[in-house]
Amino acid sequence: MNQPIPDLVWLTNLAVKAGRFTTELFMLGPGHKVKEDGTAITNSDLVINEMVLGFFERDFPHIRVISEEGGRDVLDAEYTALCDPLDGTLPFARGLPISTFCLSIIKDGQPLIAVIDDPFMHRLWCAKRGEGAHLNGKKLSVSDHAEINHSHLGVLYWPESPYHLHETTGFLVNQGARVINPLTIAYLGGLVASGDLDATIFPGRNGWETAAMQLIVQEAGGVATDINGRLLNYHPDGKIEGHIISNGQIHNKLVDAVRRCQ
């Protein structure tokens with residue numbers, strides 16, 4: 001292709017193809033193995049990842065790919081694709097249909113274009129910088145809720161995760177927040193962009209879900225920072241310092257809540 005990066009049509013088509021694999025393999029029974037780091041992996045993760053790598057090698061060989069299940073390096077690449085072929089592997093492996101495919105293209109540490117696809121409910125969130133965020137073609141806007149009390153938050157943490165988010169969760173619940181932890185973060189980013197959730201807090205240090213969430217929520221009018229409230233910037237290896245992604249109205253209060261619990 002002559003264009004430097006994929007457009008939304010290309011990303012959407014790839015996401016839909018990935019979604020077909022996800023739902024077909026889910027119906028066959030989502031068996032899984034455990035990786036060396038203790039996280040789950042399924043055949044869907046591997047099959048979709050290989051498909052993504054193949055499409056980039058064919059159409060955009062100049063783009064580096066960083067994926068949870070293995071990427072492809074390109075020396076001195078100007079653009080990088082960050083991908084999670086199946087975000088929410090653990091719920092997927094336990095028979096819960098709440099996983100997503102997410103993919104973004106970044107340059108100079110910032111996302112340019114992104115897609116998050118829920119193949120089970122046929123919901124596809126997408127955004128291109130400066131052009132707004134959309135869900136199945138409908139333009140999105142974040143919520144306007146401005147208080148921790150009665151807010152709806154997605155806070156992900158696990159036993160070895162940094163930043164003491166289990167304590168942050170308790171603090172937020174005591175302030176009246178409703179908190180969920182479904183162990184799939186990209187889905188929650190889509191819901192923030194749609195106005196169904198007010199924010200997500202995530203301790204992960206790999207940006208393959210966060211970059212897509214960041215762009216889609218920002219284009220819907222929200223705010224994204226790292227978990228300490230600083231500029232969310234992606235290192236050449238895709239690493240970040242967690243994230244807080246919100247409607248913007250409660251963002252500083254969430255940054256303060258996380259800081260209070262360190």
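The values are calculated or read from the model by the stated rules, or taken from the named source; none is laboratory data. Keep in mind that this is a model prediction, so the values were computed, not measured. Cβ sites come from the backbone with ideal geometry, for glycine too, and all protein chains shown count toward neighbours. Please note that ligands, DNA and RNA were not included when accessible areas were found on the heavy atoms of the full protein model with its side chains. Shrake-Rupley method; radii C 1.70, N 1.55, O 1.52, S 1.80 Å.
Okay, which of segment 166-190 sit inside 17 Å, backbone N to the point 7 Å along the Cα-Cβ direction of HIS150?
Taking a point 7 Å out along Cα→Cβ of HIS150, the residues of segment 166-190 whose backbone N falls under 17 Å are 173-179.
If the convex hull of the alpha-carbon atoms of segment 147-262 is projected onto planes in all directions, what is the mean projected area in square nanometres?
Details: hull surface 24.9 nm².
So the mean shadow area of the Cα hull is 6.2 nm².
Give me a comma-separated list of calculated 3J(HN,Hα) values for segment 209-214, in order, Karplus coefficients 6.51, -1.76, 1.60 applied at θ = phi - 60°, integers in Hz, x for any Gly or Pro.
Result, rounded to whole Hz: 8, 4, 4, 5, 4, 3.
Over all directions, how big on average is the projection of the convex hull of the alpha-carbon atoms in the chain, in square nanometres? Numbers along the way, then the final one.
Working: hull surface 51.2 nm².
Taking the Cα atoms of the chain, their convex hull projects to 12.8 nm² on average.
When all alpha-carbon pairs of segment 54-127 are counted, what percent fall beyond 20 Å? Numbers along the way, then the final one.
Values: 966 of 2701 pairs.
Percentage above 20 Å: 36.
What's the Cα-based Rg to Rh of segment 72-198, Rh via Kirkwood?
Values: Rg = 16.2 Å, Rh = 16.3 Å.
Ratio value, two decimals: 1.00.
Using a probe of 1.4 angstrom, how much of the accessible area of the chain is carbon and sulfur, in percent? Numbers along the way, then the final one.
On the way: 5970 of 11560 Å².
Percent of accessible area from carbon and sulfur atoms in the chain: 52.
Remind me, relative contact order of segment 168-220 in percent, using alpha carbon pairs under 8 angstrom and six or more residues apart? The partial results should precede the final answer.
Numbers: 31 pairs, mean separation 18.6, N = 53.
Normalised by residue count, the contact order of segment 168-220 is 35 percent.
Report the residues of segment 121-147 in range of a label on ARG178: point 7 Å along Cα→C-beta, backbone N strictly under 15 Å from it.
The answer is 143-147, whose backbone nitrogens lie closer than 15 Å to the label point.
For the chain, what does the accessible surface come to per residue with a 1.4 Å probe? Please give it in Å².
Working: 11560 Å² over 262 residues.
Ligands and nucleic acids excluded, the figure is 44 Å² per residue.
Based on the Kirkwood radius over alpha-carbon pairs, what is the Stokes-Einstein translational diffusion coefficient of segment 174-227 at 25 °C with 0.890 mPa s viscosity, in µm²/s?
On the way: Rh = 11.6 Å.
D, rounded to a whole number, is 212 µm²/s.
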